[in-house]
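Single-structure report; data block below.
Since every read-out is calculated from the coordinates, none of them should be taken as a lab result. Note that the structure is a prediction, hence the values are computed from the model and not measured. Virtual Cβ from ideal backbone geometry, glycine too; neighbours counted across all protein chains shown.
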Amino acid sequence: MTDNIEADASRVAAESAPRPARRWPYWLGGLLAALVAWNATVFVPVYQAHAEESDASMIAYRRWLISPSHLVIDVRSVEGTQSMAGMDRMLFKAAEALQNHSYDDVALAYRGKTRLLMDGAYFQEIGATRQTQNPIYTMRTMQEHLSNPDGTPAFGEWSGGWLGVLGRQLEDHNEFHRRWWANEQFG
């Protein structure tokens with residue numbers, strides 16, 4: 001009988017003992033909140049810069065959601081009325097909104113898939129000079145600062161007569177938009 005009383009007492013003591021707190025949900029919640037706040041530092045300025053844009057949706061976030069030196073500019077949707085010049089304007093506005101940030105590179109993506117990479121210093125330069133630089137000059141020369149996702153140059157630099165160079169740069173500009181978003185959007 002004493003054995004039964006001792007067994008019951010140890011069982012009651014084990015059941016009433018405080019359980020160790022499960023802290024992993026708090027850690028996970030804290031980690032998710034930190035990721036949201038970290039990405040909000042780039043998402044919110046670009047979102048505000050595009051507040052008046054209605055023909056396309058473009059967001060910014062950090063690559064893998066954590067990288068401090070790699071930014072992603074992601075085209076989420078494009079209406080049929082959006083033009084290449086309109087997409088340039090949105091890209092330039094994003095660069096202006098983030099001109100005080102520095103990145104190694106900026107991935108130009110379409111619905112999460114990286115299509116091209118832009119030099120981070122050049123992206124910052126576009127933002128810093130948006131109000132003073134001729135946008136047509138930026139549109140023509142931007143392709144020289146782009147690479148494919150594997151790091152190889154996406155476009156070349158042209159030399160020769162100004163008319164020939166201008167024509168090649170505009171062809172590169174059209175090809176840039178086809179690769180970035182237009183081929184996927186319009187087939």
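Here are some notes:
- Of all residues making up the range 156-185, the number that are in a loop (DSSP other than H, G, I, E, B) and either in contact with a Lys or Arg (Cβ under 9 Å, 6 or more places away or on another chain) or on the phi > 0 side of the Ramachandran plot (or both): 3
- Cβ-Cβ contacts under 8 Å between residues 6 or more apart (or on different chains), taken from a first residue in the range 33-48 that is over 13 Å from Ser67 (Cα atoms) to a second residue that is part of a helix (DSSP H, G or I) and not polar (S, T, N, Q), are listed as Pro45/Ala97; Val46/Lys93; Val46/Ala94; Val46/Ala97; Gln48/Ala97.
- Odd one out for Gln124 among (1) within 29 Å of Gly80 (Cα to Cα); (2) under 17 Å from the mean Cα position of the chain (by Cα): (1)
- Any pair with Cβ under 9 angstrom, 6 or more apart, that starts in the range 71-84 at a residue that is farther than 19 Å from Leu116 by Cβ and ends at one that is charged (D, E, K, R) and not in a strand (DSSP E or B): Glu79/Asp55; Gly80/Asp55; Thr81/Asp55
- Of the residues making up the range 60-70, those that are within 12 Å of Thr41 (Cα to Cα) and buried (at least 17 other Cβ atoms within 10 Å of the Cβ) are Ala60, Tyr61, Arg62.
- Breaking point among (1) surrounded by 19 or more Cβ atoms within 10 Å (Cβ to Cβ); (2) touching a strand residue (DSSP E or B) at 6+ places or on another chain (Cβ under 8 Å); (3) touching a residue at least 40 places away in the same chain (Cβ under 8 Å); (4) under 21 Å from Ser147 (Cα atoms), for Met118: (3)
- Selection within the range 170-187 - exposed (fewer than 12 other Cβ atoms within 10 Å of the Cβ) and of a type in the set (A, V, I, L, M, F, W, C): Phe186
- Inclusion of Thr138 among residues that are in a strand (DSSP E or B), surrounded by 14 or more Cβ atoms within 10 Å (Cβ to Cβ) and of a type in the set (Ser, Thr, Tyr) is not warranted.
- Residues of the range 151-169 that are exposed (fewer than 14 other Cβ atoms within 10 Å of the Cβ) and within 16 Å of Val106 (Cβ to Cβ): Gly151, Pro153.
- Within the range 54-70, being touching a residue at least 40 places away in the same chain (Cβ under 8 Å) and assigned to a loop (DSSP other than H, G, I, E, B) holds for one residue alone: Ser69.
- Members of the range 89-131 that are charged (D, E, K, R) and within 19 Å of Pro68 (Cβ to Cβ): Asp104, Asp105, Asp119
- Residue among Met87, Met139 that is touching a His at 6+ places or on another chain (Cβ under 6 Å) and under 17 Å from His177 (Cβ atoms): Met139
- Count of the range 102-135 residues, restricted to those that are basic (Lys, Arg) and assigned to a strand (DSSP E or B), is 2.
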